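Reviewing the structure listed below.
The values are calculated or read from the model by the stated rules, or taken from the named source; none is laboratory data. What you see is a predicted model, and the numbers here were worked out from it, not measured in a lab. Don't worry about glycine lacking a Cβ; one is built from the backbone with ideal geometry, like all the others, and counts go over all protein chains shown.
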Amino acid sequence: MTVLAGRAGATGREVGYATLSLSVIGAVIAGVRTYRPAHPLGWWVLAAGMGCGAAAHLRWVMAPPTAVLNSGISWTDAVYFSMYLLVAAAVAILSAPDRRGAVLAGMAEAGIVACTAVVLVWVFMLDPFVNDGDDWSTTAGVLVYPVLDLLIITTAMRLRVVTRALSRAQQLIVLALLAVLAADIAYIVSVMNGGPWAGSAFSAFGWLTFLLLLGAAALHPSMAREPGADPGRRPAGAGRWTVAGLFAVVLIGPAATCFDLVKDILEGELDVLDVVVPLGATTMTAVLLVARLIRASALVQRRAAELQEAVDHQAVLQGEMSHLALHDPLTGLPNRLYLDRELREHLRRGDPGCLLLLDVDGFKHINESLGHPIGDALLVAVAQRLRETVGPGALLARLGGDEFAVLLPDAEAATVARRCADILAGVRLPADIHGHRLHVTISIGVRRLAGPAAGTDALSDADLALYEAKAAGRDRAVTYDAGLRERQLERTELIERLRDALTAGQFSVYYQPIVSLGAGGFDAVEALVRWFPAPGEVIGPDRFIPAAEDSGLIVALGEWVLRQACRDAAGWHRQHGTAVTVNVSPRQLMEPDYAMTVRRALRDAGLPPTALILEITEGMLVGAANQDDRTIAHLSALRREGVRVAVDDFGTGYSSLAYLRDLPIDILKIDRSFLPDGAGPADRQVSFVRTIVDLAHNLGLAAVAEGVETPAQVDLLRGLGCDKGQGFHFGRPVGAAETTEVLAASRTAGAVPIGA
């Protein structure tokens with residue numbers, strides 16, 4: 001007699017089971033077509049299992065009970081049992097449909113649970129049932145259920161272990177497996193206690209719930225979601241609660257085995273199977289537990305290796321970030337932050353030493369005229385030269401822009417002076433940068449650290465010394481002393497007074513005649529600014545002009561002098577044909593509208609461009625040739641309109657003949673230092689003057705000698721063919737009114753010393 005045939009009498013129930021099984025198939029088809037899962041194989045296997053179940057139920061409806069009662073487990077039963085196998089396979093596939101290494105994932109945990117379940121099933125179900133049964137043909141069908149339920153338990157456990165986070169559809173599948181498990185247990189218990197072979201109402205409810213939950217899972221949108229497991233990472237089931245649950249499960253098996261052995265011994269029913277089955281399952285549990293521990297140990301070791309690798313990588317990144325935070329990315333030198341830290345530590349220890357602050361002379365012009373790539377390459381070249389010259393034990397840092405610093409471990413004056421000389425000489429060599437040959441110099445501010453000082457004060461003091469080195473002509477080192485701080489305060493106060501003086505009208509323009517040595521007349525005057533802040537008080541240009549340059553006030557002051565000189569010279573030019581020479585600051589020529597400013601001054605004063613001479617220094621001449629096209633553009637545009645250009649203090653700088661050939665120049669002014677004054681070798685000085693005069697004439701330029709103070713110098717210059725002269729011998733600088741009188745007198749009396 002078959003077990004399941006007994007349920008054939010409940011025709012309506014079997015029809016319901018078959019109908020729901022077919023409905024699950026329809027739900028799977030609808031879900032796959034609607035949600036398009038990437039790996040639908042598991043769902044198709046589930047549908048196949050439902051098909052087997054439906055076929056078995058329909059077969060029991062159509063076949064009379066007597067046809068199968070005496071045949072044991074029939075083919076129809078086998079078809080029905082295959083539903084369990086296919087459902088288990090479907091769940092396994094849905095747990096990990098397409099992941100390498102996922103086949104064995106979770107098998108140890110699932111095996112432990114399955115082995116414990118074997119012990120429990122044997123102790124509480126199979127052993128009593130088999131011992132009480134008279135005919136295996138009637139009990140064989142019942143024996144199949146626990147085996148299939150073990151498979152259900154295993155697949156449910158594996159799904160939970162290998163899936164990081166169960167989707168809604170997977171949760172419904174797990175609930176369905178639990179429902180069929182509960183239904184089968186209820187069925188077995190019912191049959192063991194003499195219940196109907198068709199099953200109790202509770203088991204029927206469990207089977208119906210099983211089918212309904214599977215259909216709901218197939219229709220849920222999450223059925224298309226990939227499982228969230230990753231065999232190479234910590235599975236969701238490996239948490240604290242899961243481990244605790246596995247630990248409890250491991251203890252249940254041996255406890256149940258002991259209980260069964262004691263019971264059988266006391267009852268006198270102990271046989272081989274009572275020992276082999278539970279002990280075999282318990283032994284397998286131990287083996288699986290060891291395998292799980294080995295796998296966990298390997299995972300821990302892999303995690304530890306990954307963590308160590310991450311820590312090492314983090315240490316490397318931290319080192320790189322620390323290096324980037326403390327070093328300049330362009331030159332690779334330590335930066336200001338690094339220097340500040342080392343300087344504070346140096347001062348805290350009270351060690352002797354010296355701080356050098358270095359600045360590349362004229363870098364701003366190079367960077368703006370030749371471009372930032374060349375400027376950056378120049379900074380790299382300067383940094384390399386500094387590395388080679390600062391000496392051992394020194395800390396070289398780039399503070400930003402074209403500013404560098406050197407912290408020397410020695411404060412001896414002679415050693416510091418030698419280091420500074422080496423640095424100046426090393427940087428002074430020509431540098432070939434991207435096809436440009438650049439002559440670079442630096443200025444150095446020196447601050448000894450022998451006494452107590454704060455780091456910020458040391459840098460500030462070195463900066464003051466650097467400023468003095470710049471003001472003294474660049475390409476040199478200046479050591480800080482207390483007087484520099486006082487002079488800086490005076491300079492700051494002077495700048496504030498300059499601002500007020502520009503609006504208060506405290507400036508005046510004085511004029512010094514320029515004499516034609518051949519004709520003897522005053523053919524030009526040079527405009528020289530004077531500052532009278534109060535009656536009887538005069539501040540010389542050697543004091544306020546540098547302050548005006550540094551503060552940028554020279555632009556406004558220079559424009560005022562230009563306009564005033566043009567207004568004063570307009571009448572002189574109409575009456576005497578006199579031209580006026582106006583000194584131009586490099587800052588003025590950097591202004592984009594300087595040429596327009598000159599045109600407006602000439603137009604407003606009514607002075608023709610040919611009556612204006614703009615005077616620049618030789619240093620500006622070199623800078624214009626090497627660095628700034630704007631300067632050349634201004635001078636060239638004005639020169640085309642008739643304005644002449646003179647080079648002041650010629651011979652004291654580093655200009656070459658190429659500059660005189662290529663740049664817009666009309667007049668060379670010979671510096672007073674070349675004129676014989678009786679204090680040095682006259683022959684040598686005369687040779688210099690003769691050379692400059694001949695050079696000017698050969699280039700088509702006029703030569704003007706400055707600082708002429710004696711008749712002997714006048715005779716010498718005339719004999720050398722110099723065109724013009726300027727100095728106290730011809731007249732001191734005087735105001736506009738007195739200049740008018742001087743020019744009027746010169747027309748009748750000739751060029752005579754005036755105001756001497």
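A few remarks follow.
- Test: residue 601 is at pLDDT 85 or above, touching a Lys or Arg at 6+ places or on another chain (Cβ under 8 Å) and either on the phi > 0 side of the Ramachandran plot or part of a helix (DSSP H, G or I) (or both): yes
- Candidates 477, 425, filtered to the one that is surrounded by fewer than 16 Cβ atoms within 10 Å (Cβ to Cβ) and over 36 Å from the mean Cα position of the chain (by Cα): 425
- The conditions of being at pLDDT 90 or above, not polar (S, T, N, Q) and not in a loop (DSSP other than H, G, I, E, B) are not met by residue 729.
- Condition met for residue 483 (among the small types (Gly, Ala, Ser) and closer than 24 Å to residue 366 by Cα): no
- Cβ-Cβ under 9 Å pairs, at least 6 apart or on other chains, region 346-363 side among the charged types (D, E, K, R), far side in a strand (DSSP E or B): 359/403; 359/404; 359/442; 359/443; 359/444; 359/445; 361/442; 361/443
- A single member of 547, 524 is in contact (Cβ under 8 Å) with a residue 40 or more places away in the chain, part of a strand (DSSP E or B) and not assigned by TED's automatic domain parsing to the domain that holds residue 471, and it is 524.
- Test: residue in region 475-485 that is closer than 15 Å to residue 539 by Cα, of a type outside the set (Asp, Glu) and out of contact with any strand residue (DSSP E or B) (no Cβ under 7 Å at 6 or more places or on another chain): no
- Residue 110 within 60 Å of the chain's Cα centre (by Cα), part of a helix (DSSP H, G or I) and either modelled with pLDDT of 70 or more or closer than 26 Å to residue 176 by Cα (or both): yes
- In region 357-367, of all residues being hydrophobic (A, V, I, L, M, F, W, C) and assigned to a helix (DSSP H, G or I), the one that is surrounded by the most Cβ atoms within 10 Å (Cβ to Cβ) corresponds to 366.
- When region 385-404 is filtered for residues that are under 25 Å from the mean Cα position of the chain (by Cα) and either surrounded by fewer than 16 Cβ atoms within 10 Å (Cβ to Cβ) or touching a residue at least 60 places away in the same chain (Cβ under 8 Å) (or both), the ones remaining, listed by number, are 396, 397, 398, 399, 400, 401, 404.
- Members of region 660-709 found to be in contact with a Ser or Thr (Cβ under 9 Å, 6 or more places away or on another chain), among the small types (Gly, Ala, Ser) and outside any loop (DSSP other than H, G, I, E, B), listed by number: 673
- Exactly one residue among 123, 87, 161 is at pLDDT 70 or above and either small (Gly, Ala, Ser) or buried (at least 18 other Cβ atoms within 10 Å of the Cβ) (or both), and that residue is 87.
- Which numbered condition residue 197 misses (of (1) under 60 Å from the mean Cα position of the chain (by Cα); (2) farther than 19 Å from residue 152 by Cβ; (3) at pLDDT below 85; (4) assigned by TED's automatic domain parsing to the domain that holds residue 20): (1)
- Taken together, 458, 425 contain a single residue that is closer than 14 Å to residue 357 by Cα, not in a loop (DSSP other than H, G, I, E, B) and not hydroxyl-bearing (Ser, Thr, Tyr), which is 458.
- When the residues of region 519-532 are filtered to those that are at pLDDT 90 or above and of a type outside the set (Val, Ile, Thr), the one that is surrounded by the most Cβ atoms within 10 Å (Cβ to Cβ) is 524.
Here is a yes/no grid of residues against (1) at pLDDT below 90; (2) not assigned by TED's automatic domain parsing to the domain that holds residue 532:
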| site | (1), (2) |
| --- | --- |
| 715 | no, no |
| 720 | no, no |
| 725 | no, no |
| 734 | no, no |
| 739 | no, no |
| 742 | yes, no |
| 755 | yes, yes |
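- Top-ranked residue in region 625-651 [being modelled with pLDDT of 65 or more and part of a loop (DSSP other than H, G, I, E, B); ranked as farthest from residue 720 (Cα to Cα)]: 641
- Residue among 465, 381 that is closer than 30 Å to residue 543 by Cβ and either surrounded by 14 or more Cβ atoms within 10 Å (Cβ to Cβ) or touching a helix residue (DSSP H, G or I) at 6+ places or on another chain (Cβ under 8 Å) (or both): 465
- Filter pass, residue 508 being of a type in the set (Ser, Thr, Tyr), surrounded by fewer than 19 Cβ atoms within 10 Å (Cβ to Cβ) and not assigned by TED's automatic domain parsing to the domain that holds residue 553: no
- Residue within region 400-413 that is in a helix (DSSP H, G or I) and outside the structural domain of residue 590 (by TED's automatic domain parsing) present: yes
- Among the residues of region 303-347, the ones that are closer than 23 Å to residue 388 by Cβ and among the basic types (Lys, Arg) come to 1 in all.
One line per residue, one yes/no per condition, for (1) under 21 Å from residue 410 (Cα atoms); (2) outside any strand (DSSP E or B):
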site: 332; (1), (2): no, yes
site: 346; (1), (2): yes, yes
site: 355; (1), (2): yes, no
site: 369; (1), (2): no, yes
site: 374; (1), (2): no, yes
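- Of the residues making up region 316-336, those that are surrounded by 12 or more Cβ atoms within 10 Å (Cβ to Cβ) and without any contact (Cβ under 8 Å) to a residue 24 or more places away in the chain number 3.
- Filter pass, residue 693 being within 60 Å of the chain's Cα centre (by Cα), among the aliphatic types (A, V, I, L, M), under 19 Å from residue 646 (Cα atoms) and modelled with pLDDT of 90 or more: yes
- Among the residues listed as 591, 537, the single one being free of Cβ contacts under 8 Å to residues at least 12 places away in the same chain and surrounded by fewer than 17 Cβ atoms within 10 Å (Cβ to Cβ): 537
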